[in-house]
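See structure below.
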Amino acid sequence: MIYDVIIVGGSYAGLSAGLQLARARRTVLVIDAGQRRNRFAATSHGFLGQDGQAPDVIANAGRSQLMAYPTVSWVQDSVIQADAHAGGLRLRTQSNGEFSALRVILATGVVDELPAIDGLAQRWGKRVFHCPYCHGYELDQGRIGVLATSALAMHHALMLPDWGTTTLFTNGVFTPDAEQQAQLERRGVRVEPTRVSRISGEHADLELVDGRVIQMDGIFTQSRTRISPLAEQLGCERIDGPSGPYLLTGETRQTSVTGVFACGDLSLAAGSVALAVGEGVRAGVGAHVSLING
């Protein structure tokens, strides 16, 4: 069977894209490896109508709604190879063989590569975050640390005083210049230049190399992001963003390769369930219109 569209990735963006196509009565196959980016967080915030829900609850409800449409199929697997052939696009999975489609939507998300600081990884999504809009409010105007991985930490540091008392830990990565220092002072941000050796405690205490321990209620930092090798296999053009690469897409969310679309964190340098759902709509509609136009 040749599907109209194969969607690689069954998280929020992929589900949203599939819903548009299912409602157009197109044959859709979702191939999902089951590794959502926000799987470490207990709750999801900022998505109208779903604020405070567990990520699993949102995703499972979306899957149930999508699978109610008779033209949709689902395979739990990882795609390991993608290429174009005379009839369209072909995907090879780890355990279920090959599948072909006229169009492909890449909704694989990204992989976070976290700062190599002892104690950080086990607190990711619980006390260490990347998105103030997603998790800042729940810190209840408490003590917030910004752990720099680059000069881009200035962006977090200037935002976060709206959510709590903020300290920027420059961690030897950069030194704010005079203008940046003035901006931080205007926002009431304290700057701590001493390097961080580890994160410990019940919440998120930063142990410094000079022996001091500074207690925090939460920490914000930037990961480096890594994208799926499928995009490179298909020849999709990418953009090198400040935190890692993402795919170049047009208004319809088609990539630089005809017939290949992308949505969610893979094509948008921001991590948000609400944005992923909206981008999935655009990719699903874009793929459908391309099928109509041949």
>> Just checking, does region 40-49 include any residue being crowded, with 20+ Cβ neighbours inside 10 Å and over 16 Å from the mean Cα position of the chain (by Cα)?
In response: no
> If you scan region 244-294, which residues turn out to be surrounded by fewer than 24 Cβ atoms within 10 Å (Cβ to Cβ), closer than 16 Å to Ala24 by Cα and either among the β-branched types (Val, Ile, Thr) or touching a residue at least 60 places away in the same chain (Cβ under 8 Å) (or both)?
Replying inline: Val281, Val285, His288, Val289, Ser290, Leu291, Ile292
> Of all residues in region 135-173, which are crowded, with 22+ Cβ neighbours inside 10 Å, of a type in the set (Val, Ile, Thr) and within 16 Å of Glu185 (Cβ to Cβ)?
Replying inline: Val146, Thr166
> Of the numbered conditions (1) over 20 Å from Leu275 (Cα atoms); (2) buried (at least 19 other Cβ atoms within 10 Å of the Cβ), Asn96 satisfies every one except a single condition; which is it?
Replying inline: (2)
>> Show the residue pairs meeting these rules: Cβ distance below 7 Å; 6+ apart or different chains; first residue within region 72-100 and assigned by TED's automatic domain parsing to the domain that holds Arg25 and touching a residue at least 12 places away in the same chain (Cβ under 8 Å); second residue part of a strand (DSSP E or B) and surrounded by fewer than 13 Cβ atoms within 10 Å (Cβ to Cβ).
In response: Leu91/Glu98; Arg92/Glu98
> Could you give every pair whose Cβ atoms fall below 6 Å, whose first residue belongs to region 38-56 and is in the same structural domain as Gly278 (by TED's automatic domain parsing) and free of Cβ contacts under 8 Å to residues at least 24 places away in the same chain, and whose second residue is part of a loop (DSSP other than H, G, I, E, B) and surrounded by 19 or more Cβ atoms within 10 Å (Cβ to Cβ), counting only separations of at least 6 or pairs across chains?
Replying inline: Asp51/His45; Gln53/Ser44
>> Take the residues in region 215-234 that are in a loop (DSSP other than H, G, I, E, B) and at pLDDT 95 or above; name whichever of them is farthest from Leu266 (Cα to Cα).
In response: Gln215
>> Looking for something assigned by TED's automatic domain parsing to the domain that holds Pro132, basic (Lys, Arg), surrounded by fewer than 22 Cβ atoms within 10 Å (Cβ to Cβ) and in a strand (DSSP E or B) - is there at least one such residue anywhere in region 188-207?
In response: yes
> Counting residues that are among the acidic types (Asp, Glu), within 30 Å of Phe169 (Cα to Cα) and within 20 Å of the chain's Cα centre (by Cα), which strands (runs of 3 or more DSSP E) fully inside region 64-118 reach at least 1?
Replying inline: 110-113
> Is at least one residue of region 109-124 closer than 28 Å to Ala287 by Cβ and modelled with pLDDT of 95 or more?
Replying inline: no
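The values are calculated or read from the model by the stated rules, or taken from the named source; none is laboratory data. What you are looking at is a predicted structure, and each value in this text was computed from that prediction instead of being measured. Using ideal geometry, Cβ is built from the backbone for each residue, glycine included, and neighbour counts are taken over all protein chains shown.
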